[in-house]
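One structure is given below, encoded as structure tokens.
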Amino acid sequence: MSRARVARRIATAAAFGGGGISLLGGAAVGILLTEVRLAKRVVGGSDDEPPKADGRYGSAFAQPTGRAPLRLSFLGDSTAAGQGVHRARETPGALLASGLAAVAERPVQLVNVAQPGAQSDDLARQVSLLVHEETAPPDVVVIMIGANDVTRRMPLSTSVRLLSDAVRRLRAAGTEVVVGTCPDLGSVEPVYQPLRWLARRASRQLAAAQTIAVVELGGRTVSLGDLLGPEFEARPRELFGPDNYHPSAEGYATAAMAMLPTVCAVLGLWPEADEHPDVRRGEAFLPVAQAAVAAASEGGTEVTAAQSATGPRGRFALLKRRRRRPLPGAPAHPEPAEGAAP
């Protein structure tokens, strides 16, 4: 069965409440559990609380303009929270808030409700913290989730269904949604075969199925899998933090750089010309499942729904390989938010 068909089956099972799709047979499970025990002896993991980065960014644009600050929120697990670094300005939320403020030339208010260790079944609680009658909903939400679903063997269809429920609620509230799909767990050092292969296969299957579900609900996805795969394997000392599991400050910056153009695009802040496919970069309209599988194998790749493209093979999506170029006016180092720890 092709990877696109597997991803579509997982997404369909999620939509209709089907059971999980089994990835491993009984013998493979035994091997995997043995490898997990060995890996836990050498792979770290941090219990430190991630730095609190909530606050307002873009103080240089604080002069009265009659426009309220843009509202950016983060949901998800330890990666979304920024676990593994010790300065608020090094977290992905702070990096994106600073970059978004520079592009929009407008202050950005960041609220991060991500929870280290969270699985997709915590997303409903996190969404409720952001979407309620007392406050206006965020303009854009970034979700980074899935790694713990794979490592704790949550059925992939269940994981996708829970993410879909969260995206649906946010979209109903009028919030734009960008999902950083499940990272490549085969890049965690040191993890050996066959665990490395199994982890990579499961995480890419989940990432592709997440993409299908999110795009069909009107959100956009950015693949973190390959971005945090070969680059991490090639430079683990630079891109992994001291616990050998979470990204370092440079690793988070790499991920944030890949996601910033998409966050800007959903708010109408990116050049309109870049919203069309560039065949020189291999961009194209593809069936959603094919676009999802291609994105899962290449980090920094965006998938968004094609506005009016339909055909005999179902809905189409636009596969984008946005150029990560320096942004005019973007600070070299994100400023600390007002009220946040430096």
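Laboratory data are not the source of any read-out in this text; all were calculated from the coordinates shown. Treat the numbers as computed from the prediction; the structure is a model and nothing was measured. Here the Cβ positions follow ideal geometry from the backbone for every residue, glycine too, while neighbour counts run over all protein chains shown.
Descriptive notes on the structure:
- Dipole moment magnitude, nearest 20 debye, segment 100-186 about Cα centre, only Lys, Arg, Asp, Glu C-beta charged: 260 debye
- Neighbour net charge for PRO155 - beta-carbon separation under 10 angstrom, K R +1, D E -1: +1
- Dipole of segment 124-179, positive direction: furthest Cα of SER157, SER128, ALA172, with charges on the beta-carbon: SER157
- Neighbourhood charge, 10 Å Cβ-Cβ cut-off, centred on ALA68 and excluding it, Lys, Arg +1 and Asp, Glu -1: +2
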